[in-house]
Amino acid sequence: MGDIDQTEKELIQKAKQGDQDSFEALILSCKEKAYNIALRYMQNEEDALDAVQESFIKIFRHLPKFNEQSRFDTWVYRIVVNACNDMLRKSKKMKVIDTVYKNEEDEDIAFEIADKAPGPDGLLEKKEESEYIVQCLDKLSTEYKEVLILRDLNGFSYDEIASILDCSIGTVKSKISRARQKFKDIYLLKRVI
Amino acid sequence: MNCIDVREMLSMYIDDELDTNERSELEVHLAGCDECMREYDALLEMTLLLRAVPRVSLPVSFDERLRSSIETSTRKQLEYKKRWRTFSAIAAVFVIGIFSITMYNHMDHTDGLQDELRYAQNRMSADRHSQWMDGRMNHIDSRQSESTFGRMELDDRHLYGSAEGHMGHPGADDIMPFGVMNNMDQEVPQMYAGQGSRPMTVPDTSERSTVTRGGINQNEAMRAEADFYLRLIEEKLRYYNHSIIDYWRYEDGVWNFQVEIKLFGESHAMVTKMYMFVGQDGELWRKDL
């Protein structure tokens, strides 16, 4: 592990001075994850690519200011998450999804995803299953959606999530717990009373 | 361990985030409690379903697109920095010019002086900001090789009047008394500390009557810088309920802006968050970097 850190440090140094090749090598390991995070946030490829590209440009330009106190990849993901949140706000989708359920519109949620829900035998094609799950995920409010995107879709630990979202581990714990419960409710088409 | 505690800990159990004691206590409870066991199974299933969602690969064109975007962005940034330095320098000299004129004409009228400064400031804020940032910048681009002040348009000179004599110097750095500014920086945080919500107008210049005359020129230039960034912040946050709590400038020319933003959280509750914005060389960004 020591060797990897050393290489990363060297790459950061060179990239700080504007060496684009070093920068590309540096982001090699985190760009796929960054894209997957953005994709589940934005729900479409184009916006996700925009968010990721914007983030990496920002990262390259502000690399001289990276203080190396936090891990490099955590820093990257934090910027990507923020970029996605900013983009969502701009498009004002936030207003629609800011409550966990659109209270009057619970039925809308039910109808929207009803045709994709598991049939009587409870089985779905794998692809349809994934689509259904992603759609259910999208119905969550951003603060719950993002912890599940990080934890279950991208495998980050509670520590890493706390670092990326800049909050306490306690917050992460309770958010994940609640997020999963809400997700379950949506998945099973239950209503909030 | 009761059911309520257990339910809260189920997710952590699934993610293996419990310590040994907690884990065994929970398992003991689950063994004896059907309802909690059912809840655990359901949550586990949800988690596994989420984890089964496949990863998506980046499109092949991504690397190339990113490379060229970075190149474009770097080029633009250099141009922008140049414009910013020019703008700052002009702002300072402009005020020095006006100051000299008024000093000459209004020796005994300190009120008139304040008015002149305020007028000069407002002209700068209104005219110079928009002019410089829109029209003039194009001119500057096309005359890269000329000295900073050689780029003055003929119709600009009437604004500078007899102060033209000050502008013979080549290069912004000679004119710009940044070195002098630094000596004052201990006072700067006090000078520019905002209180509560700060609107886009210039603060009351009567506060500055205690500052030495030489200092007023630099302050006006820094006032122009601050206004420039504040304008950018207003632009960025125009859809948000926000107020600027405080702002200050460091020796190296970096500005910090403390902004409070009210957001809608879960179930329509209002959440207040504090953000820090950083301004440098004409660029503004949020301090998550």
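Among the residues of the stretch B:2-9, not a single one is of a type in the set (A, V, I, L, M, F, W, C), under 30 Å from B:Asp281 (Cβ atoms) and within 47 Å of the chain's Cα centre (by Cα). Every condition in (1) out of contact with any Ser or Thr (no Cβ under 7 Å at 6 or more places or on another chain); (2) within 28 Å of A:Gln53 (Cβ to Cβ) is met by B:Val53 except one, and the failing one is (1). All of (1) surrounded by 12 or more Cβ atoms within 10 Å (Cβ to Cβ); (2) within 11 Å of chain B (Cβ to nearest Cβ); (3) modelled with pLDDT of 85 or more hold for A:Asp138 with one exception: (2). Would you check if A:Ala162 is more than 10 Å from every other protein chain (Cβ to nearest Cβ), at pLDDT 95 or above, over 10 Å from the mean Cα position of the chain (by Cα) and under 21 Å from B:Leu263 (Cα atoms)? It is true that A:Ala162 is more than 10 Å from every other protein chain (Cβ to nearest Cβ), at pLDDT 95 or above, over 10 Å from the mean Cα position of the chain (by Cα) and under 21 Å from B:Leu263 (Cα atoms). From the list A:Arg61, A:Arg78, A:Arg71, the lone residue that is within 8 Å of chain B (Cβ to nearest Cβ), closer than 21 Å to A:Cys167 by Cα and of a type in the set (D, E, K, R) is A:Arg78. For the stretch B:13-44, a residue qualifies if it is closer than 16 Å to A:Phe183 by Cβ and out of contact with any Ser or Thr (no Cβ under 6 Å at 6 or more places or on another chain), and the qualifying residues are B:Asp15, B:Glu39, B:Tyr40, B:Asp41, B:Ala42, B:Leu43, B:Leu44. Anything in the stretch B:214-247 that is out of contact with any Gly (no Cβ under 9 Å at 6 or more places or on another chain) and part of a strand (DSSP E or B)? List them, or say none. Within the stretch B:214-247, B:Asn241, B:His242 meet the criteria. Of all residues in the stretch B:41-79, those satisfying the criterion of being within 11 Å of another protein chain (Cβ to nearest Cβ) and touching a residue at least 24 places away in the same chain (Cβ under 8 Å) are B:Leu43, B:Leu44, B:Thr47, B:Gln77.
For (1) over 13 Å from B:Met222 (Cα atoms); (2) of a type in the set (A, V, I, L, M); (3) crowded, with 17+ Cβ neighbours inside 10 Å, each residue gets a yes or a no:
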| position | (1), (2), (3) |
| --- | --- |
| B:Tyr247 | no, no, yes |
| B:Tyr250 | no, no, no |
| B:Glu260 | yes, no, no |
| B:Ala269 | yes, yes, no |
| B:Phe277 | yes, no, yes |
| B:Lys287 | yes, no, no |
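The set of residues in the stretch B:54-88 being in a loop (DSSP other than H, G, I, E, B) and polar (S, T, N, Q) consists of B:Ser57, B:Ser61.
Quickly run through the stretch A:48-71 and pick out the residues that are assigned to a helix (DSSP H, G or I) and among the acidic types (Asp, Glu). Across the stretch A:48-71, the qualifying residues are A:Asp50, A:Glu54.
The values are calculated or read from the model by the stated rules, or taken from the named source; none is laboratory data. All of these numbers come straight from a predicted model, not from anything done at the bench. As a convention, Cβ positions derive from the backbone with ideal geometry for all residues, glycine included, and neighbour counts pool all protein chains shown.
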